[in-house]
Amino acid sequence: MPRSRPYRVGLHERLRDPEHVAAYLNAAGKESQDVFMLALRDVAEAHKISKVALAAGVNRETLYRTLSARGNPTFTTLESILEAVGVELHYRARAKRKRNAPAGGIAAAHGSPRTL
């Protein structure tokens, strides 16, 4: 039976593929901003932090700070990091949600006067 290898080794190998990076970041982004930032750090580590920093036009220490738990990158920095790892942002319209109550709320649906 072959020996197993650490999870992060396999993850970093997969994160060198831009298609996998895009899927990984999309899944993380659906969870929360914190999860997305952790995932982006995984991606940057897989691509070597110093190389990503150079390609993104920031120094290594700044990139580490940006991708830390307290990091808050600017949109420009985020775009630069994503470009450095071979992915880009895309936007799409949200699916329309079904509304249970008509506009104006329950009171408006029943003709009741609104009270504050």
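Looking only at the range 15-26, which residues are without any contact (Cβ under 8 Å) to a residue 12 or more places away in the chain and part of a helix (DSSP H, G or I)? Can you show your working first?
So the first thing to find is which residues in the range 15-26 are without any contact (Cβ under 8 Å) to a residue 12 or more places away in the chain, and the list is 17, 19-20, 23, 26.
The answer is Glu19, His20, Ala23, Asn26.
Does at least one position in the range 68-77 carry a residue that is of a type in the set (A, V, I, L, M) and part of a helix (DSSP H, G or I)?
No, the range 68-77 contains no residue that is of a type in the set (A, V, I, L, M) and part of a helix (DSSP H, G or I).
Given the options Ala28, Ala46, name the one that is aliphatic (A, V, I, L, M) and within 14 Å of Ala84 (Cα to Cα).
Ala46
Here is a list: Ala109, Ala55, Ala44. Which entry is small (Gly, Ala, Ser) and modelled with pLDDT under 95?
On the way: Ala55 fails: modelled with pLDDT under 95; Ala44 fails: modelled with pLDDT under 95.
So the residue among Ala109, Ala55, Ala44 that is small (Gly, Ala, Ser) and modelled with pLDDT under 95 is Ala109.
Could you please find all residues in the range 24-58 being aliphatic (A, V, I, L, M) and either crowded, with 18+ Cβ neighbours inside 10 Å or more than 22 Å from Gly71 (Cα to Cα) (or both)? Spell out how you get there, then give the answer.
So the first thing to find is which residues in the range 24-58 are aliphatic (A, V, I, L, M), and the list is 25, 27-28, 35, 37-40, 43-44, 46, 49, 52-56, 58.
Listed by number, the residues that qualify are Leu25, Ala28, Met37, Ala39, Leu40, Val43, Ala44, Ala46, Val52, Ala53, Ala56, Val58.
The values are calculated or read from the model by the stated rules, or taken from the named source; none is laboratory data. This structure is a prediction, so every number in the text was calculated from the model and none was measured. Every residue, glycine among them, receives a Cβ derived from its backbone with ideal geometry; neighbour counts consider all protein chains shown.
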